[in-house]
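Trainee: Take this structure first; my questions come after.
Read the figures in this text as sums done on the coordinates, not as results from a lab. Just so you know, these numbers come straight off a predicted model, no measurement behind them. With ideal geometry, Cβ positions are generated from the backbone for all residues, glycine too; neighbour counts draw on all protein chains shown.
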Ligand SMILES: Cc1cc2nc3c(=O)[nH]c(=O)nc-3n(C[C@H](O)[C@H](O)[C@H](O)COP(=O)(O)OP(=O)(O)OC[C@H]3O[C@@H](n4cnc5c(N)ncnc54)[C@H](O)[C@@H]3O)c2cc1C
């Protein structure tokens, strides 16, 4: 690793001024679990890192507002989220996904903001946040804006955040009654490996008919991807094996999986089919 | 000081006190409180850090090496290349079997990642930055990667000529051999395999493969060279073989051994990666060149370029009668040794002669080839090649049993090699609990109980496998037991404790003889200026060899203690006994050990020193047919039973139960033995399910633990269990033999056999990743999954 | 790692070939390729600045045409090393041109990319994920450049 400058500002505003809209070698730093791997690999050679660890306002909050929306601070650690009773109640699928996300050592320091801002398609929570219709609050030199989770992830390691913008929190809307959500993580190597395929689904069904469905795949694709056409076909369909099977088939056909050390493209396509089916079976169970 | 060479069994006629006790490891407290010494933490005054610049081509001639930018970087003390090394040592090639590996590349590079130059600075980050500024220009040469292709190559050779080390008589004939990538071809002929095949009713033939892998010790390889003037050097190293390091570095420098001091501390794991010379020659040379201490600590990534487990291709052929008797077996094994031989030729021979398995087979023919390729060097790896062979012969054996519709366990038992029968080398098997191991496994698995085969998406299966290993021979261990003026006691031995609990076992052995509390005995860690010679901590040899040496040393010290006590008590020393920290006369009078010493030296002073030296007998196999009447001091046997669940839609395999049974002779410390067996089984579980080095044009493409996945706690089967089968190695200390590797032997085929039991699908190549299993399932359904780039 | 792709170009095979055989033109289609200098021996020196999100890597490379078989096949070889990082990059790009009709050509590209050193050992997955995207962008750029020259010709 080459030497670099480390800044530890006290306020979010100060942190933003230390960022540089034009220089990709200046980055914010939260838990450092992702960035350090890249630095050790020599892929990223920063000139300046702006640590968010000393921010006064912490940004580590987890609360439910008066509208029933769940707010998760960008600097909440993945362990904070895993252990939060509010999260377990409001978004149990998030709690469940955290249990198998990496390992406890990483979860204790990794933050939600870093998890999302990294733009790595292998992260576990993004597809789930897509399926839950979450949105992100971004703060920059000109104030703040909301980004729909679906618009946050642009490509491999690429998000729609500007270089001098920071994520401050994620908001998961209050689910419609009777919504069931799940995340299925499929690992090809060890159990605590990154997913080879990740599938998130959220659905509402009434009287045997699917009222609403949201579906997202990740890890096999270059970014977490919603599957609107498959979702549309599910809406209004009766809950049965055929419906689910054809949705799984359509999902597998609608993406072009990337081959890597964890599986060939053809294999990952099969795994998408299997895990979309399993996710849909879970969320449509009565 | 007296030394005994005593390979004969020594039987104790009284019940033991310390043997068979699960006392906690001596170092547990200091380990959990972070006080343990590791070389990784060592910092010496004026020390420089070295960072290695490595080859980026698999095979090439070095045309130009430009180190200027690195040298001119402020804060860089020096940049050292192969040419600088040659100025100090004209022939800087090392290796335990072949003198083929240069301290730094000279003229040529032979694999991606080979050390070419070193940048030195007081700041490790600056050293790394400087190493990145070094530029090399190569003329690329054709490269060979596959072991079978390399062995047959006619125009691409990794080395111009073979350079055997001369220490091994059986390598002498290879001296100067050219135009070959085969470093060693070992063959064994036991009766007539071809005739055996003719007599057989069925012939089975299969090819099995295993990939290269790494040891992944949590403490990466580290060494510090410390010059003492210009004619002596101290090497602090995380080595499993300090005595070898001293001999080899002294040879390179042309110095007597007493000018080289090698010391170790605790090791954060070794598994065979830290044997022979790794960084030691390099740091010694660097320190002597720059006249300052030099430390090189590898990163986890660099371990992937330093030492690996042999990838193998093994062809097995068996002739079997209708009655289910294996009458002939032929095996050919190709070991992918990478660019430098390291200990590969020993693996090829010492494990090679067991390639037919622990079976009583009339006609055996074995050929085993150590092959050079343009990949990172392969060396010793927990099991020393045995897991690769067991993968082949136990998959093969299972196929035969299932095709003949014989119970796999019964089929093995019917063919098992029993005590009193000749192994393929001709050596008569003794003190080896093959049958007991199978019986214990059968009971522990409840083998005959009805099972739930599962249905639909989840299929369940059960498999067994058994493997064996001969302990490496001939090797020597020497130990000293020193009783101090106050009666406290230390054991000086060269066995390296790298987490296997050897300190505790040695203390228990010495304590047993001396009637002391093992927790009060200190074990002095290897320091070649202090501790006597030991061949190395490898191959499950320490409990047996060093255990015997420590026992002899303790007996020697006790004899002296009894003579002194006899005078003090006015009693025949031959009638005395040692227990509870005291020497006792038959009439009940006793003196503490401290009081005995005081009586002899008239004050709290002096030492009582006992020494012991142990080297078992050995007859080297004859060239050509590999026959020997005394091939090994003892055999180890390990069997595994596995229950699996296969997800038929994904190919994902979950091992739900893993049972290891081993013949370890008398158990010295049951808790440690259980952990060694289970630890070995989990390590091999990783090598079975996920671990494999991936290469692209010779470059490792998963050189990090983010992409090379070792098992985590969630991969450990819900039920994991280990048991020692009843056994006694009469030539071992209190009947003990090694246990460090046995748990690894049979894991892989037991799991593959269970997968076959569950699904009917057979897999021939490790690892058993979900995609591999899935593709096999699809192929069996005549609906293969498309291949792609 | 290997990636392949195919694109249809609205230009005759010979025109596509003429374009591709011109290293100066061809390298304009390699994203981030700068400072091309002819060395005189048929090889060219260049710098490639690869940018993957916020990761920026500079490679000093040599570009050469390794195989020229008009009007079908053209192979370029790019070798070099990353700046400030020990290692090597070696890429072989093969273009196969197949005429569809007099005015249209199918261009198949096959990129065989290998990385040695840190980028190869620890960064392979990143490059693998991006290689296809790079390849497709290269092909699209090639198509656009050839077609715009075609348009100029017809004007
Ligand atoms: C061994 C290991 C295994 C892992 N396995 C898994 C796994 O199985 N599943 C999984 O999902 N993940 C896994 N991860 C990834 C882990 O989830 C991420 O590393 C982690 O979430 C990143 O959080 P961080 O706070 O450490 O981010 P950092 O490393 O600090 O930052 C990551 C990126 O986000 C940027 N950033 C950080 N905070 C902000 C912010 N507030 N606003 C804008 N940009 C910001 C940084 O500049 C950087 O680009 C694993 C990681 C490791 C090390």
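Trainee: How high is the relative contact order of segment B:633-773? Use alpha-carbon pairs under 8 Å, at least six apart in sequence, and give a whole percent. Don't jump to the answer; show the numbers that get you there.
Mentor: Numbers: 256 pairs, mean separation 57.1, N = 141.
Relative contact order here is 40 percent.
Trainee: Could you work out which residue, out of C:137, C:67, C:56, moves most in a Gaussian network model of chain C, that is, has the largest mean-square fluctuation with Cα springs under 10 Å?
Mentor: The residue that fluctuates most here is C:56.
Trainee: May I pose another question? Label 7 Å along Cα→Cβ of residue B:28; segment B:466-505 residues with amide nitrogen under 20 Å?
Mentor: B:497-505
Trainee: What Kirkwood hydrodynamic radius do you get for segment B:582-636 when you take the inverse of the mean 1/r over all pairs of distinct Cα atoms, in Å?
Mentor: So the Kirkwood estimate lands at 16.0 Å.
Trainee: Report the calculated FRET efficiency for residue B:524 and residue A:13 (r = Cβ-Cβ distance, R0 = 56 Å), to the nearest 0.05.
Mentor: Efficiency, from the Cβ-Cβ distance: 0.40.
Trainee: Using r as the Cβ-Cβ distance of residue B:595 and residue A:54, and R0 as 60 Å, what FRET efficiency do you calculate, to the nearest 0.05?
Mentor: Efficiency, from the Cβ-Cβ distance: 0.40.
Trainee: Further, regarding this structure: Is there a simple number for the mean count of other chain Cβ atoms within 10 Å of the Cβ of residues in A:248-259, and what is it?
Mentor: That average works out to 1.
Trainee: What do you get for the angle between helix C:124-154 and the principal long axis of chain C? Use alpha-carbon atoms, 0 to 90 degrees, nearest ten.
Mentor: For helix C:124-154, the angle is close to 30 degrees.
Trainee: Pulled fully out, how much extra length does the chain show between residue B:161 and residue B:218, if you take 0.36 nm times their separation in residues and subtract their Cα-Cα distance?
Mentor: Length gained, residue B:161 through residue B:218: 16.9 nm.
Trainee: Report, in deg cm²/dmol and to the nearest 500, the calculated mean residue ellipticity at 222 nm for chain B, where each DSSP H run with n ≥ 4 adds -39500 (n - 2.57) and the sum is divided by the residue count.
Mentor: -7500 deg cm²/dmol
Trainee: I've got another one for you. Just want to confirm a number: the relative contact order over chain C, from Cα pairs under 8 angstrom separated by 6+ residues, in percent.
Mentor: Normalised by residue count, the contact order of chain C is 29 percent.
Trainee: Treating the angle as unsigned and between 0 and 90°, give the value, to the nearest 10°, between the Cα long axis of helix A:265-284 and the longest Cα principal axis of chain A.
Mentor: 70 degrees
Trainee: Find how many whole Å separate the alpha carbon centroid of segment A:242-278 from the alpha carbon centroid of segment B:466-482.
Mentor: Between the Cα centre of segment B:466-482 and that of segment A:242-278, the gap is 53 Å.
Trainee: Within segment A:101-118, name every residue whose backbone N is under 18 Å away from a label modeled 7 Å from Cα of residue A:36 along the Cβ vector.
Mentor: What the label zone holds, given the 18 Å backbone N cut-off, is A:102-116, A:118.
Trainee: Let me ask something additional. Can you classify segment A:55-196 as rounded, prolate or oblate using the Cα gyration tensor, where a ≥ b ≥ c are the square roots of its eigenvalues, rounded means a/c under 1.5, and otherwise it's prolate if a/b beats b/c and oblate if not?
Mentor: Details: a/c = 1.42, a/b = 1.15, b/c = 1.24.
Here segment A:55-196 falls in the rounded category.
Trainee: Work out the FRET efficiency for residue B:623 and residue B:140 from their Cβ-Cβ distance, taking R0 = 35 Å, and round it to the nearest 0.05.
Mentor: So, using R0 = 35 Å, E works out to roughly 0.40.
Trainee: For a distance above 20 Å, tell me the whole-number percent of Cα pairs in segment A:179-285 that qualify. Write out the running numbers ahead of the final one.
Mentor: Numbers: 1829 of 5671 pairs.
More than 20 Å apart: 32 percent of the Cα pairs in segment A:179-285.
Trainee: Round to a whole angstrom and tell me the spacing of the C-alpha centers of segment C:7-82 and segment B:669-735.
Mentor: 48 Å
Trainee: Provide C:6, B:322 in ascending order of the number of other Cβ atoms located within 10 Å of each residue's Cβ, fewest first.
Mentor: Arranged by neighbour count, lowest to highest, C:6, B:322 become B:322, C:6.
Trainee: Tell me the Kirkwood hydrodynamic radius of the protein assembly as shown in angstroms, computed as one over the mean inverse distance between distinct C-alpha pairs.
Mentor: Roughly 33.1 Å, rounded to one decimal.
Trainee: Whole-Å semi-axes of chain B's equivalent ellipsoid, largest first, each the root of 5 times a Cα gyration tensor eigenvalue?
Mentor: 41, 37, 24
Trainee: Quick one: if you stick a label point 7 Å off each Cα along the C-beta vector at residue B:446 and residue B:404, how many nm between them?
Mentor: According to this spin-label approximation, the distance is 3.0 nm.
Trainee: How many angstrom separate the Cα center of segment B:280-305 from the Cα center of segment B:486-553?
Mentor: So the separation of the two Cα centres works out to 29 Å.
Trainee: Which part of segment A:1-22 falls in the paramagnetic zone of residue C:84, meaning amide N under 13 Å from the point 7 Å along Cα-to-beta-carbon?
Mentor: Within reach of a label on residue C:84, which here means backbone N under 13 Å from a point 7 Å along Cα→Cβ, segment A:1-22 contributes A:1-5.
Trainee: Can you compute the helix-only [θ] at 222 nm over chain A? Use -39500 (n - 2.57) per DSSP H run of at least 4 residues, normalise by all residues, nearest 500 deg cm²/dmol.
Mentor: On the way: 12 runs with 99 residues, N = 286.
The helix contribution divided over chain A gives -9500 deg cm²/dmol.
Trainee: With both bridge residues required to lie in the protein assembly as shown, what share of the DSSP beta bridges run antiparallel, to the nearest 5%?
Mentor: The antiparallel proportion sits near 85 percent.
Trainee: Label residue A:22 and residue B:291 with points 7 Å out from Cα along Cα→Cβ: what is the distance between them in nm?
Mentor: Output for this residue pair reads 5.1 nm.
Trainee: Moving to a separate point now. P(r) of chain A in 10 Å steps, Cα pairs, percent per bin?
Mentor: Answer for chain A: a P(r) of 7, 29, 34, 21, 7, 1, 0 percent.
Trainee: Under the definition of Cα pairs under 8 Å and six or more residues apart, what whole-number percent is the relative contact order of chain B?
Mentor: Reported as a whole number, the value is 16 percent.
Trainee: Another question, if that's okay. Full-extension gain between residue B:579 and residue B:257, please, as 0.36 nm times their residue separation minus the C-alpha to C-alpha distance.
Mentor: 111.9 nm
Trainee: Let me have the 222 nm mean residue ellipticity of chain C computed from DSSP H runs of 4+ only, each contributing -39500 (n - 2.57), with the sum over all residues rounded to the nearest 500.
Mentor: -10500 deg cm²/dmol
Trainee: Taking 0.36 nm per intervening residue step and subtracting the Cα-Cα distance, what contour gain separates residue B:38 from residue B:705 on full extension?
Mentor: My answer for the length gained is 238.0 nm.
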